[in-house]
Amino acid sequence: MFTFTALAGFIGASMVLTIAPGPDNIFIITQGISNGRRPAIVTALGMCSGVSIHTIAAALGLSAIFYSSAVAFQAVKFAGAAYLLYLAYRTIKSRSEGFAGGRAKLESYAALYRRGFLMNVLNPKVALFFLAFLPQFVNPSSGKFALQVIMLGLMFMAQAVVIFTIIGYFSGTIGDRLIKKPGLSRFLSWLTAGVFTVLGVRLALISR
């Protein structure tokens, strides 16, 4: 279905785009430093799972709605921004609820996974990216456009899982060492809340 050249080009481009500094990487690094390896990896897996929704949307043409409808784009954009600002609030609130040192009480893995998933899904820019990126590597002569897009999306998700897991692991390792230093845990909590706030404001200000 895919030529070797096209497949190699797709994997290479996907890895470069995943590794390139951006909100997703910053988010995972912050989670790792402030919460540790496992929370960062679980959050990263949630973010990667969100790729499946965007892939299906691109395959079915639903992502085109965000491109053509300003109302739909704005609605999803502000929902995502509000969610990120809520996470910033929750980070500060959990810090103030009687925690004396070290890391604040961690959320369940299910909550962390859901956090990463929603952050990815509620970003219309990601939907538009997949709508523009995946079809470029479809082989028109093979037909089955939707199936090819889904397969490409799954491959993108697979390489993202590997890269984000590595990022989460090493950022968590750094965090495990930093957290032992007195007074640093409070700074990390404010840093995490700051990252959520910046990402939320950034998302609210983006345009199509």
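The values are calculated or read from the model by the stated rules, or taken from the named source; none is laboratory data. Since the model is a prediction, treat every value here as computed from it, not as a measurement. A quick note on method: Cβ atoms are made from the backbone with ideal geometry, for glycine too, and the neighbour counts reach across all protein chains shown. Note: accessible area is taken over every heavy atom of the protein model, side chains too, but ligands, DNA and RNA are not part of it. Shrake-Rupley method; radii C 1.70, N 1.55, O 1.52, S 1.80 Å.
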Using θ = phi - 60° and the Karplus relation 6.51 cos²θ - 1.76 cosθ + 1.60, list the HN-Hα couplings for the stretch 119-128 in order, rounded to whole Hz, with x at every Gly or Pro. 4, 6, 5, 8, 10, x, 5, 5, 4, 5
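Would you work out what percent of the accessible area of the chain, with all protein chains in place, is carbon or sulfur (probe 1.4 Å)? Write down the numbers at each step before the final one.
Values: 7510 of 10550 Å².
After summing per-atom areas, the C and S share lands at 71 percent.
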Which whole-Hz couplings ³J(HN,Hα) result when phi for each residue of the stretch 140-154 is put into the Karplus expression 6.51 cos²θ - 1.76 cosθ + 1.60, θ = phi - 60°, listed in order with x for Gly and Pro? x, 5, 8, x, 6, 4, 4, 5, 5, 4, 5, 5, 5, x, 5
What distance in nm lies between label points placed 7 Å from Cα along the C-beta direction at PHE145 and TYR89? 4.2
Would the stretch 1-69 count as rounded, prolate or oblate if I go by the C-alpha gyration tensor, calling it rounded below 1.5 in a/c and otherwise prolate when a/b exceeds b/c, oblate otherwise? oblate
Does anyone have the angle between helix 37-60 and the longest principal axis of the chain? Alpha-carbon axes, 0 to 90°, nearest 10? 30
If one compares the long axis through the Cα atoms of helix 23-35 with the longest principal axis of the Cα atoms of the chain, the angle in degrees, nearest 10, works out at 30
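Determine, for each peptide in 29-41, 128-140, 80-92, 5-17, the mean count of other beta carbons within 10 angstrom over its residues, then list the peptides with the highest first.
Details: 29-41: 23.5, 128-140: 16.9, 80-92: 18.5, 5-17: 14.2.
Top of the packing list down: 29-41, 80-92, 128-140, 5-17.
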Helix 70-96: inclination vs the chain longest Cα principal axis, degrees, rounded to 10, gives 20
Using a Förster distance of 30 angstrom, determine the FRET efficiency expected from the C-beta separation of TRP190 and VAL162, and round it to 0.05. 0.45
So for the pair ALA20, LEU178, with labels modelled 7 Å out along Cα→Cβ, what separation do we get in nm? 2.5
Given a Förster distance of 41 angstrom, what is the FRET efficiency for ALA70 paired with LEU7, based on the Cβ-Cβ distance and rounded to 0.05? 0.70
Explain nothing, just compute: Karplus ³J(HN,Hα) = 6.51 cos²θ - 1.76 cosθ + 1.60, θ = phi - 60°, for every residue of the stretch 163-177 in order, whole Hz, x for Gly and Pro. 5, 5, 5, 5, 4, x, 5, 6, 5, x, 4, 5, x, 4, 7
